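J.: Next up is a structure, given as structure tokens.
Since every read-out is calculated from the coordinates, none of them should be taken as a lab result. Everything quoted here is computed from the prediction, not taken from an experiment. Cβ atoms come from the backbone with ideal geometry, glycine included; neighbour counts cover every protein chain shown.
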Amino acid sequence: MSAVAVDCAGVWKFYGDFPALRDISFQVPEGQCLALIGRNGAGKTTLLRILGGFSRAGRGETKILGSSPREADARRQIGFLGHGIAIYDELSAIENLRLFGKLYGLADPDGAARRWLERTGLERVRDGLVREFSRGMRQRLAVARALLHDPAVLLLDEPFTALDDRAIAVLQSVLREALAQGRTVVMSTHQLREALELATHVALINRGRLAFHGERSPEMVSDPGWVYARYGDS
Amino acid sequence: MRFLRQVMVITAKDLRAEMRTKEAINASIAFAIVILLILSFAFDPTEDTTREISGGLLWIVFTFAGTLVLNRSFARELPNDCLDGLLAAPVPGSVLFLGKALSNFVLILAIEAVALPVFGIFYNVRWTRQFWPLLLVQALGTWGFTAVGTVFSALTVNIRLREVMLPLLVYPLMIPMLLGAMLLTAQLVMGQPITGDSVVWLRLLFGFDIIFTALALVLMETVLRG
Amino acid sequence: MRQKVMIGMLALAAILLARNLYVISILPDEVNQGQIFRIIFFHVPAAIAAMTGSAVALVASVLFLVKKDFIYDSLAVAVTEVGLAFLAVNLVTGSIWARVIWGVWWAWDPRLTSALVCWVLYAGYLILRQALEEPTQRATFAAVYSIFAFADVPIVYFSIRWWRTIHPQPVFFSKTGSFPADWSAALRLNLLAIFLFYAVLTMIRLRQEQAQREIDYLRRTVHAM
């Protein structure tokens with residue numbers, strides 16, 4: 001029986017009195033890949049940010065591998081890829097990765113940085129300033145940053161959006177590898193096709209509520225809109 | 001200690017990024033000199049009475065120029081959502097506060113290190129006569145400014161009119177500290193030592209620094225993560 | 001029920017005030033100051049009320065950060081706004097008194113100067129709130145600012161008092177010097193009246209704030225549809 005990697009219990013998020021998230025409860029056991037789908041404004045990003053410890057739930061609890069993500073140590077196990085790449089333009093690729101390596105307390109930040117630059121095909125621009133990188137290169141570097149510290153849980157917010165082909169390929173290969181290693185992935189997405197290929201489970205957020213949570217089925221892969229049609233608003 | 005190591009990583013990162021671009025430091029130093037110049041026209045530097053109060057004028061220069069640095073402190077984390085990268089890391093809010101506050105402290109001291117000699121030239125004041133006490137007052141006053149300013153830099157980073165809101169919120173809080181710093185600096189710059197009467201201001205600066213640093217360390221997490 | 005309590009307090013405050021005004025007006029003129037001394041019966045209670053308000057604001061702010069219940073945020077803003085109004089009364093009455101007694105509208109005496117700095121501090125609280133749209137963020141940041149402001153208040157008073165001892169004032173009538181007995185009673189009763197007014201105004205503002213939150217909520221709900 002695998003441990004619970006991501007545990008969401010009765011989570012509400014309020015903006016003033018308005019509930020952006022209503023009573024979200026679900027669990028993601030270790031090794032699963034959960035695709036979080038939903039329309040714009042449904043609450044996917046809000047939920048992911050609560051799971052990552054960026055903001056506080058108004059009600060309810062979230063646990064990553066048994067601890068609250070608001071505790072600093074718990075975040076060591078989380079790799080986060082948001083809308084922005086969270087990479088410093090004024091620093092070089094390797095300086096960026098070394099920085100995050102040190103923040104995450106890695107024993108050998110330099111070694112880990114070099115390994116991940118190779119893995120994402122950026123070893124040749126190691127000392128180049130990020131400011132001069134193309135968009136695809138920045139996104140690959142962001143993937144390196146998110147996985148640098150070997151996190152057990154990956155939280156990705158629309159990771160495939162606006163990626164070029166090479167970046168998509170890198171991300172898919174990295175995620176497949178991560179899942180094969182037993183890591184857990186929760187990814188919100190609009191790009192249903194790429195995400196559903198990797199997903200083992202699917203959850204639909206509709207107007208802040210969890211409208212559906214279950215295994216990925218063949219219907220979903222062949223017709224990505226199926227879940228919306230079945231469980232969303234008509 | 002891990003806490004201090006993480007603080008140093010943040011401080012080093014900020015200083016390295018700033019030294020690469022030198023955006024904030026160049027603008028701030030230029031701004032400081034411009035203000036000194038304008039103050040020289042407002043308060044005649046050749047008159048003895050002006051020279052006596054001139055040390056107080058210095059703190060106007062420091063706070064205005066320093067605000068540029070403080071504003072930039074968290075504003076530099078906005079492009080590419082870099083702030084998310086810091087918040088996702090296993091570092092508590094207090095580490096982010098201290099790391100950035102130390103980096104701001106160094107940068108503002110650098111501005112002061114340029115402004116003081118220029119002031120000495122414009123106002124014909126030999127300000128080095130009480131060098132070490134002056135350094136102490138500069139350090140204490142600048143830390144108080146930096147501690148409060150760093151918290152509010154984080155607080156105002158996403159607000160409309162951030163550049164106005166930061167000084168608007170920080171300056172009133174700093175009035176007691178400015179009072180002490182201005183009085184002491186005015187005395188020390190004219191070569192008068194700190195007497196029994198003025199020691200009370202030194203104690204005020206210490207107290208201010210301790211209270212507001214403690215508040216900042218505790219409340220930074222709330223400001224950053226809600 | 002709440003309405004009745006409010007009206008009751010308002011009535012009591014009005015009666016007290018009327019009575020006090022009568023008592024104050026029949027007091028014999030003060031030897032040095034003439035008529036203007038009567039202003040002290042409003043000047044001092046206004047300051048005390050404002051200071052109490054800032055303490056209530058602190059408690060409300062801390063409670064909000066701990067419990068996340070918006071009632072505390074509404075209380076904090078209500079009590080601060082009303083407090084600012086009373087502090088303004090303090091500043092204006094102090095200024096009028098200074099004009100009559102010393103011939104200047106502003107004499108930089110330590111208490112009034114400190115009150116002015118505190119007024120600016122708490123005005124900053126309101127300006128901060130105006131700049132923040134999202135209610136939870138607004139309440140959180142305002143609470144943090146309120147805590148910083150409250151910590152600053154005693155430091156402001158001490159520092160400005162020391163500042164003014166360096167530049168000695170002309171000898172003047174000390175505002176809380178030897179108080180004749182019949183003054184103390186009037187002062188305390190007026191303090192009560194002013195506290196009652198403060199409470200009533202705070203309750204009105206509180207109700208308005210709750211209504212505003214409801215409107216906000218309805219607007220967001222409609223937009224979400």
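J.: Based on DSSP H assignment, which helices of chain B show an axial Cα extent of at least 15 Å together with a mean Kyte-Doolittle hydropathy greater than or equal to 0.5? Don't skip to the end; give the middle numbers.
T.: Values: long enough: B:2-21 (29 Å, -0.16); B:23-42 (29 Å, 2.20); B:48-75 (42 Å, 0.66); B:93-122 (42 Å, 1.87); B:131-156 (36 Å, 1.30); B:162-189 (35 Å, 1.56); B:199-225 (40 Å, 1.76).
Long hydrophobic helices here: B:23-42, B:48-75, B:93-122, B:131-156, B:162-189, B:199-225.
J.: Can you pull the three principal axis extents for the Cα set of region B:2-225, in Å, largest first?
T.: So the extents along the principal axes, rounded to whole Å, are 56, 35, 29.
J.: A further question follows. What is the antiparallel percent of DSSP beta bridges lying wholly in region A:4-231, to the nearest 5?
T.: So the antiparallel bridges amount to about 55 percent of the total.
J.: Checking the cross-link filter: which lysines have an alpha carbon closer than 16 Å to that of C:Lys67, excluding same-chain neighbours under 8 positions apart?
T.: Counting by Cα, and skipping residues close in sequence, C:Lys67 has these lysines nearby: A:Lys13.
J.: Follow-up question, since we're still on this one. For A:Tyr15, list long-range residues whose amide hydrogen, built 1.01 Å from N in the peptide plane, is under 5 Å from its own amide hydrogen.
T.: Result for A:Tyr15 returns A:Ala20.
J.: Grab the Cα-Cα distance for A:Ser67 and A:Ala3, subtract it from 0.36 nm times how many residues apart they are, and report the gain in nm with one decimal. Before the final figure, lay out each step's value.
T.: Working: separation 64, 0.36 × 64 = 23.04 nm, distance 1.27 nm.
Full extension of this stretch gives 21.8 nm more.
J.: With the Cα gyration tensor of region A:1-134 in hand, convert its eigenvalues to equivalent ellipsoid semi-axes via √(5λ) and list them largest first in whole Å.
T.: Over the Cα atoms of region A:1-134, the semi-axes work out to 32, 18, 14 Å.
J.: Mind checking which helices in chain A clear 20 Å along their axis (Cα) and have mean Kyte-Doolittle hydropathy of 0.0 or more, DSSP H runs only?
T.: Length and hydropathy pass: A:165-180.
J.: DSSP loop chymotrypsin sites (Phe, Trp or Tyr not before Pro) in region A:20-98 with at most 13 other Cβ atoms within 10 Å of their Cβ, which ones?
T.: Taking region A:20-98 and a limit of 13 other Cβ atoms within 10 Å, no loop chymotrypsin sites (Phe, Trp or Tyr not before Pro) are found.
J.: Further, regarding this structure: Given region B:22-69, what whole percent of its Cα pairs are spread farther than 17 Å?
T.: 35 percent
J.: Label chain C by shape, choosing from rounded, prolate and oblate, from the square roots a ≥ b ≥ c of the eigenvalues of the Cα gyration tensor; if a/c is under 1.5 it is rounded, and otherwise prolate applies when a/b is larger than b/c, oblate when it is not.
T.: The shape class here is oblate.
J.: Give the cross-link partners of A:Lys102 among the lysines, using a straight C-alpha distance below 18 Å as the criterion and excluding same-chain residues fewer than 8 apart.
T.: B:Lys13, B:Lys100
J.: Let me ask something else about it. Please give the residues of region A:205-234, grouped as numeric ranges, whose backbone N is less than 15 Å from a label point set 7 Å along the Cα-to-Cβ vector of A:Ser25.
T.: Correct set: A:209-213.
J.: Based on the alpha-carbon gyration tensor of chain A, what equivalent-ellipsoid semi-axes (square roots of 5 times the eigenvalues) come out, in whole Å, largest first?
T.: Value: 29, 20, 16 Å, ordered largest first.
J.: Say the dipole of the protein assembly as shown comes from +1 at the beta carbon of Lys and Arg and -1 at that of Asp and Glu; which of B:Asn80, A:Val28, B:Thr185 then lies farthest toward its positive end?
T.: The residue sitting most towards the positive pole is A:Val28.
J.: With no solvent and one point per C-alpha, what does the Debye sum give as log10 I(q)/I(0) for region B:112-192 at q = 0.11, 0.18, 0.23 Å⁻¹?
T.: Debye intensities relative to I(0), on a log10 scale: -0.37, -0.80, -1.02.
J.: Placing +1 at every Lys and Arg Cβ and -1 at every Asp and Glu Cβ, with all other atoms neutral, what dipole size does region A:1-136 have around its Cα centre, in debye to the nearest 20?
T.: On the way: 20 positive and 16 negative charges, 63 e Å.
The calculation lands at about 300 debye.
J.: Please check: in the Gaussian network model of chain B (C-alpha springs, under 10 Å), which one of B:Gly66, B:Gly120, B:Gly55 has the largest mean-square fluctuation.
T.: The residue that fluctuates most here is B:Gly120.
J.: Still on this model: Kindly state, as a whole number, the per residue volume in cubic angstrom of the convex hull around the alpha carbon atoms of the protein assembly as shown.
T.: 181 Å³
J.: Compare the Cα positions of C:Ala185, C:Leu84, C:Ile39 along the charge dipole of chain C (+1 at Cβ of Lys, Arg; -1 at Cβ of Asp, Glu; about the Cα centre) and return the one farthest towards the positive end.
T.: Of the options given, the answer is C:Ala185.
J.: Which ordering of B:Lys100, C:Lys68, C:Lys4 is given by a fewest-first count of other beta-carbon atoms within 10 Å?
T.: Fewest-to-most Cβ neighbours within 10 Å comes out as C:Lys4, C:Lys68, B:Lys100.
J.: Here's another thing I want to ask about it. Would you please classify the overall shape of region A:122-220 from the alpha carbon gyration tensor, given that a ≥ b ≥ c denote the square roots of the eigenvalues, rounded means a/c under 1.5, and beyond that prolate means a/b larger than b/c while oblate covers the rest?
T.: Prolate, because a/c is 1.5 or more and a/b exceeds b/c.
J.: Here's something else I'd like to know. Could you work out how far helix C:110-131 tilts from the main Cα principal axis of chain C, as a 0 to 90 degree angle to the nearest 10?
T.: 20 degrees
J.: Please list, in order, the residues from region B:38-76 whose amide nitrogen is less than 19 Å from a point placed 7 Å along the Cα→Cβ vector of C:Trp108.
T.: B:42-44, B:48-61, by backbone N distance to the label point.
J.: Where both residues lie in the protein assembly as shown, what percent of DSSP beta bridges are antiparallel, nearest 5?
T.: Beta bridges within the protein assembly as shown, antiparallel portion: roughly 55 percent.
J.: Could you tell me which residue out of A:Thr46, A:Leu106, A:Pro224 lies farthest along the dipole of region A:4-231 toward its positive end? Charges go on the beta carbon: Lys and Arg +1, Asp and Glu -1, centred on the Cα centre.
T.: Ranked along the dipole, the leading option is A:Thr46.
J.: OK, next. How big is the dipole moment of region A:12-66 about its Cα centre under a simple scheme where the beta carbon of each Lys and Arg is +1, that of each Asp and Glu is -1, and everything else is neutral? Debye, nearest 20, please.
T.: Once rounded to the nearest 20, the dipole reads 160 debye.
J.: Give me the one-decimal nm value for the distance between modelled label points at B:Val118 and B:Asp197, 7 Å along each residue's Cα-to-Cβ direction.
T.: 3.3 nm
J.: Which value in deg cm²/dmol, rounded to the nearest 500, describes the helix-derived mean residue ellipticity at 222 nm for the protein assembly as shown, given -39,500 (n - 2.57) per DSSP H run of n ≥ 4 and division by the residue count? Don't skip to the end; give the middle numbers.
T.: Numbers: 22 runs with 447 residues, N = 685.
Dividing the helical sum by the residues of the protein assembly as shown leaves -22500 deg cm²/dmol.
J.: First measure r as the distance between the Cβ atoms of C:Ala211 and A:Ile168, then evaluate 1/(1 + (r/R0)^6) with R0 = 41 Å and state the FRET efficiency to the nearest 0.05.
T.: Working: r = 51 Å, r/R0 = 1.23.
According to the calculation, E is roughly 0.20.
J.: Treating the beta-carbon of each Lys and Arg as +1 and of each Asp and Glu as -1, no other charges, what is the dipole magnitude of the protein assembly as shown about its Cα centre, to the nearest 20 debye?
T.: With Lys and Arg at +1 and Asp and Glu at -1, about 660 debye.
J.: Helix C:2-26: angle to the longest alpha-carbon principal axis of chain C, degrees 0 to 90, nearest 10?
T.: 10 degrees
J.: Percent of alpha carbon pairs in region A:76-176 separated by more than 16 Å?
T.: Looking at region A:76-176, the distances longer than 16 Å represent 50 percent of pairs.
J.: Here is a follow-up. Quick check on the exposure proxy: order C:Thr165, C:Thr52 from fewest to most C-beta atoms within 10 angstrom.
T.: On the way: C:Thr165 12, C:Thr52 15.
Fewest-to-most Cβ neighbours within 10 Å comes out as C:Thr165, C:Thr52.
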